[in-house]
1. Six or more apart or on different chains, Cβ under 7 Å: which pairs go from a residue in the range 214-233 that's without any contact (Cβ under 8 Å) to a residue 60 or more places away in the chain to one that's crowded, with 17+ Cβ neighbours inside 10 Å and of a type in the set (D, E, K, R)? Could you list them?
2. Please verify whether the range 169-178 includes one or more residues that are assigned to a helix (DSSP H, G or I), loosely packed, with under 12 Cβ neighbours inside 10 Å and not aliphatic (A, V, I, L, M).
3. Looking only at the range 115-152, count every residue that is in contact with a helix residue (DSSP H, G or I) (Cβ under 7 Å, 6 or more places away or on another chain), among the hydroxyl-bearing types (Ser, Thr, Tyr) and part of a helix (DSSP H, G or I) and tell me the total.
4. Filter the range 246-289 down to the residues that are among the acidic types (Asp, Glu), surrounded by 16 or more Cβ atoms within 10 Å (Cβ to Cβ) and outside any loop (DSSP other than H, G, I, E, B) and list them by number.
5. Within the range 225-234, is even one residue surrounded by fewer than 16 Cβ atoms within 10 Å (Cβ to Cβ) and assigned to a strand (DSSP E or B)?
6. Report, by residue number, each residue of the range 284-301 that is more than 20 Å from THR52 (Cβ to Cβ) and touching a residue at least 60 places away in the same chain (Cβ under 8 Å).
7. Farther than 17 Å from ASN91 by Cα and touching a Phe, Trp or Tyr at 6+ places or on another chain (Cβ under 8 Å), is that true of LEU182?
8. Cβ contacts < 6 Å: first residue on the phi > 0 side of the Ramachandran plot, restricted to the range 90-107; second residue surrounded by 15 or more Cβ atoms within 10 Å (Cβ to Cβ), any location; separation 6+ or different chain. Result?
Amino acid sequence: MQQKSSTNAQEQVARREASPTRSEQTLFVITGLLMATVAAGPAGAAGPAAGTHATDFALLCNALNVASAKVATPEIPAEPTDAEEAAALINITLLSPEALAELTGSNNVDTAISKPSSTAGKECVEVAASNCVKAANRHKTAKTDKAYQLIKGADFSDTARQALEEQAQAVLQLATELRAELLKAKADTAQKLLRQAVGPAAGEQTKVTTTTVASRAAACGKSGSGAAKGEIAGESIAADFLCICGKDTDKNQAAVCGTVSLSANEITWSNVANAAAQWKELHDACKKHSKLRVTTSADLRAAVNAVLQAAASGSGTNKAKTYMLGAAI
C-alpha cells in the first residue's frame, strides 16, 4: 500500500489545536506522524510466505509499544507570574522580614537558602524555597514602591496585615494547584492523541475501522501496476497491522509476520469481520515482551524515525517500493 505523504501528515497536525509549549507541540507532531505515515502494502496476487513481513511487524510493534505507554509529564518551565511574585514578596515581608533581609542581602539567593542555621534557611524549605526565590526577584523592583513601603510600615494594622497574609498565601496555593493541573492536562491530551493513533482497544468488539471498504486492495492499497493508496492505510496502527499481517481467504498465511501465527478466522474486508480478533492477537504478541512503561518525546521521535527510514528505503524483493511497508513484490 502506498504511504500517505508527509504533506498529509502536516495537514493533520496543523488542524490540531496549537500548544503553547514546546514539549506538547512535539507530542502533537509525533502523534500525527504515527497516524499518517505508518502505512502498509499488501503483496501481489500470490500470498507472501511466512515471515515475509517480520521486519515491518517489528517496526509497528515498536510504534505500538511506544504509543501505548504512559506519557511522561511534559517539561514545562515553571515561570512565575507577576501575581505569584508579588504574593510571595508580601507573604515573606509580613511573616519573616528577617528571612527577606537575608535573601536580599545575599549575592546569591540559593546560597542564603542553603544555610540551615539562618532564618532564610529555616523558612525557605521545600515548596517555600521557590516562593522565597520569587520574593527576592520581585523585591528588586518593588523595594521602592510606595504601596510596598506601606505594608512594611509600623502604621499597618494587625487586622490588615492578617487579611493580606491570608490573601497572599491563597494566591500562592492557587498558583501551585493550577500549575499541577496544567501539567496533568497536557500529559492527558498527548495520551489521548496517542491512543487515537493506536486505534481501538485490543480485545474489544469495536470495529478496527469504520471506513467502508470493498476488498483488501481497497482497504490497504496495492503496488505495481495501477498502484493506489488504501482507504485505511495510516488510519491507525491497528489498521496497518491488519494490512501487513492480517489473513483473509486470498492471503491466508497465518505467520506472514513471523513471530505471531494468527489463529482467528479470516478477515472479511467488506464488514471487517474477524478483524478485531486478529488485531488482539497481533497486539498481544507485541506487548508480550515489551517492558516500556513510560514514553518520552525522544522515544516517540525514535519510533517515527525508524518507520520513516524503512519507508524511504522501500520494500519488496523485485523492485523497491518507496514509502511503503509490507510490499512483498
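A short reminder: the numbers here are calculations on the coordinates, not readings from a lab. Model, not experiment: these values are computed from the prediction. Positions of Cβ are backbone-derived with ideal geometry, glycine not excepted, and every protein chain shown enters the neighbour counts.
1. Within 7 Å, the pairs are ALA218/GLU231; ALA219/GLU231.
2. The answer is yes; a qualifying residue exists.
3. Total satisfying the criteria: 2.
4. Within the range 246-289, the first condition is being among the acidic types (Asp, Glu), and the residues that meet it are 248, 250, 266, 281, 284.
From what's left, surrounded by 16 or more Cβ atoms within 10 Å (Cβ to Cβ): 248, 266, 281.
The answer is GLU281, and nothing else.
5. We begin by selecting, within the range 225-234, every residue surrounded by fewer than 16 Cβ atoms within 10 Å (Cβ to Cβ); these are 225-228.
Filter once more, keeping what is assigned to a strand (DSSP E or B): 228.
Yes: the range 225-234 contains one or more residues that are surrounded by fewer than 16 Cβ atoms within 10 Å (Cβ to Cβ) and assigned to a strand (DSSP E or B).
6. Filtering the range 284-301 for residues more than 20 Å from THR52 (Cβ to Cβ) gives 284, 287-301.
Once the filter is applied, which keeps residues that are more than 20 Å from THR52 (Cβ to Cβ) and touching a residue at least 60 places away in the same chain (Cβ under 8 Å), the range 284-301 yields ASP284, LYS287, SER290, LEU292, ARG293, VAL294, THR295, THR296, SER297, ASP299, LEU300, ARG301.
7. Numbers: farther than 17 Å from ASN91 by Cα: yes; touching a Phe, Trp or Tyr at 6+ places or on another chain (Cβ under 8 Å): no.
Judged against the criteria, LEU182 is not a match.
8. Final answer for the pair search is none.
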